[in-house]
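Read through the structure below, which is laid out as structure tokens, and then see the notes.
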Amino acid sequence: MVGTRLGRGMLDFSYQVRGLPTFVRVRSAPIFFAQGKPLPSLPRPLTDELTMAGAPFAMFTCQQGAEPALKADLLAQGWTLAFSRPGFLTVKATPSAATERLPVSPYARSVAWSLGYADAADTLERCGQVLALVGERQPAQFHVWQRDQGIVGRGFEPFPSTVAVEAREQLLAAADGIGLRPAERELAARDAMVLDVVIVDERRWWVGWHITTEDPSTRWPGGVPPLARRTDVVSRAYYKFAEAIAWSEFPLKAEDHCAEIGCAPGGASQFFLEQGLRVIGIDPGDVDARIAEHARFRHIRARGGDLPRRTFRDCKWLFVDSNVAPDKSLTTVEHLVTNANVRIRGLIVQLKLSDYEHGHELPKWLARVSGWGYGDVAARQLAFNRRELTLRARWPRASRRSGSNA
């Protein structure tokens, strides 16, 4: 028999059967810390008083370096800090927290209700502990990923690790052995319950669950889009804007016109060209020859704010990745989109942060863009962002899945 230690000394239990534990419910509240220590006998059932004493926990993954900003957001929503490692943390609700929903932050790559953790030297035993934590829940999907092993863009990119891929295969096999059969594919449907397993350390996997929403990132394992690693991309901006488009769900169509301000050396433009767009690349710097010579690419050696507005007259989409302060980028964008002759239907702006404390101005930036008449204005730190936030906005009549330019 394996005991599961809960907050404030509370316990839950499972029986060990042929190496895999079959869960025995003592209570339905979340399990918080799974230590896997043998216990001599089952205790009495938990009382209502003890059950009510357990406050919910939530777990998050984020970029390494973004933890202070994420923690500040969570503290402001009435949650207290619990466990943390670079790129991963858990929090506990206080009486003032709104526990009917998970807390939010633009720096949170993924968020889930925490069930606890599996801790064992043997992978099969860890899988058994994970399934014990699942209990009577019936997740439609298993998301398994490893917390970031480095700082994004500095020799590390958040593609699925071999460790995570192998762990998911082993977990699926173990689940099948007890009759639990989530979907084989990793991308979850909307409104689905997902089991989240974060490989935090070599032998410790944190476990939680969440319900997917209309936000595509909730359907991606660990909030990372399913992009393939390639050797032929001009720059990592390719992945950044591929993720931004997947997150925004902009209905890009072949032959749509777009402008990219800050395009050099051409990584993002490479992605847009692959989608069939006609691209105006604006940057004083050089662009990779593969991009510069493309039939649907036009390079203008200038800064976005220096060009006449008629340059953007046919553009439906605007993308900005200039290495300047957010207010300056937004000033450039404002001069374009508020012009009567320019009809930008969707825009994505990379907001560069001098430091994470600079991010406290985000509400002001979002309000500014909303003031131009755009709807669905939002921002988050993408998995492939560096120290920046990606802001997206679409004209109200440019719906998520409609290509209408009306």
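Restricting attention to segment 276-311, which residues are in a strand (DSSP E or B) and over 20 Å from Y238 (Cβ atoms)?
We begin by selecting, within segment 276-311, every residue in a strand (DSSP E or B); these are 278-282, 297-300.
Of everything in segment 276-311, just one residue is in a strand (DSSP E or B) and over 20 Å from Y238 (Cβ atoms), namely I300.
Would you say K352 is modelled with pLDDT of 95 or more, within 29 Å of E67 (Cβ to Cβ) and assigned by TED's automatic domain parsing to the domain that holds F241?
On the way: modelled with pLDDT of 95 or more: yes; within 29 Å of E67 (Cβ to Cβ): yes; assigned by TED's automatic domain parsing to the domain that holds F241: yes.
Answer is yes for this residue.
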Considering segment 178-188, residues that are surrounded by 14 or more Cβ atoms within 10 Å (Cβ to Cβ) and out of contact with any His (no Cβ under 8 Å at 6 or more places or on another chain), and then whichever is modelled with the lowest pLDDT, we arrive at A183
Which number in (1) within 24 Å of A383 (Cα to Cα); (2) aliphatic (A, V, I, L, M); (3) surrounded by fewer than 16 Cβ atoms within 10 Å (Cβ to Cβ); (4) touching a residue at least 40 places away in the same chain (Cβ under 8 Å) marks the one condition that V111 misses? (3)
Which condition from (1) more than 29 Å from A132 (Cα to Cα); (2) surrounded by 23 or more Cβ atoms within 10 Å (Cβ to Cβ) is the one that L195 breaks? (1)
Sole residue being assigned to a strand (DSSP E or B), over 21 Å from the mean Cα position of the chain (by Cα) and closer than 24 Å to D148 by Cα, chosen from T90, T80: T80
Members of segment 235-264 that are buried (at least 17 other Cβ atoms within 10 Å of the Cβ), assigned to a loop (DSSP other than H, G, I, E, B) and over 25 Å from the mean Cα position of the chain (by Cα): D256, A264
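Residues checked against (1) surrounded by fewer than 21 Cβ atoms within 10 Å (Cβ to Cβ); (2) aliphatic (A, V, I, L, M); (3) at pLDDT 95 or above:
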position: M59; (1), (2), (3): no, yes, yes
position: C62; (1), (2), (3): no, no, yes
position: E67; (1), (2), (3): yes, no, yes
position: A72; (1), (2), (3): yes, yes, yes
position: W79; (1), (2), (3): no, no, yes
position: V91; (1), (2), (3): no, yes, yes
position: S96; (1), (2), (3): yes, no, no
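If I ask for residues that are among the polar types (S, T, N, Q) and closer than 23 Å to Y238 by Cα, which ones from segment 312-333 would you list? Let's see the steps before the verdict.
So in segment 312-333, the residues among the polar types (S, T, N, Q) come out as 322-323, 329, 331-332.
S322, N323, S329, T332 - these are the residues of segment 312-333 that are among the polar types (S, T, N, Q) and closer than 23 Å to Y238 by Cα.
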Conditions (1) free of Cβ contacts under 8 Å to residues at least 60 places away in the same chain; (2) in contact with a Leu (Cβ under 8 Å, 6 or more places away or on another chain); (3) farther than 14 Å from V111 by Cβ; number of the one not met by R219: (3)
So, in segment 107-154, of the ones that are of a type in the set (K, R) and touching a Lys or Arg at 6+ places or on another chain (Cβ under 9 Å), which residue ends up farthest from P221 (Cα to Cα)? R154
Only one of (1) surrounded by 15 or more Cβ atoms within 10 Å (Cβ to Cβ); (2) of a type in the set (G, A, S); (3) closer than 20 Å to E249 by Cβ fails for G305. Which number is that? (3)
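In this structure, does S322 turn out to be surrounded by 14 or more Cβ atoms within 10 Å (Cβ to Cβ), assigned to a helix (DSSP H, G or I) and among the polar types (S, T, N, Q)?
Working: surrounded by 14 or more Cβ atoms within 10 Å (Cβ to Cβ): yes; assigned to a helix (DSSP H, G or I): no; among the polar types (S, T, N, Q): yes.
So S322 does not fit the description; no.
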Provide a single number: the residues in segment 341-383 that are in contact with a Pro (Cβ under 7 Å, 6 or more places away or on another chain) and among the aromatic types (F, W, Y). 2
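Please state which one of Q129, Q138, Q170 is part of a loop (DSSP other than H, G, I, E, B), over 17 Å from the mean Cα position of the chain (by Cα) and either without any contact (Cβ under 8 Å) to a residue 60 or more places away in the chain or surrounded by 14 or more Cβ atoms within 10 Å (Cβ to Cβ) (or both). It would help to see each step written out before you state the result.
On the way: Q129 fails: part of a loop (DSSP other than H, G, I, E, B); Q170 fails: part of a loop (DSSP other than H, G, I, E, B).
Checking each option against the conditions leaves just Q138.
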Say whether the condition of being under 30 Å from Q63 (Cα atoms) and within 20 Å of the chain's Cα centre (by Cα) is met by at least one residue in segment 299-318. no
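Would you say L273 is part of a helix (DSSP H, G or I), surrounded by fewer than 21 Cβ atoms within 10 Å (Cβ to Cβ) and out of contact with any Asp or Glu (no Cβ under 6 Å at 6 or more places or on another chain)?
On the way: part of a helix (DSSP H, G or I): yes; surrounded by fewer than 21 Cβ atoms within 10 Å (Cβ to Cβ): yes; out of contact with any Asp or Glu (no Cβ under 6 Å at 6 or more places or on another chain): yes.
Spelling it out, L273 is indeed part of a helix (DSSP H, G or I), surrounded by fewer than 21 Cβ atoms within 10 Å (Cβ to Cβ) and out of contact with any Asp or Glu (no Cβ under 6 Å at 6 or more places or on another chain).
The values are calculated or read from the model by the stated rules, or taken from the named source; none is laboratory data. Here the structure is a predicted model, which means the values were calculated and not measured. FYI the Cβ positions are ideal-geometry reconstructions off the backbone, even for glycines, and counts take in every protein chain you see.
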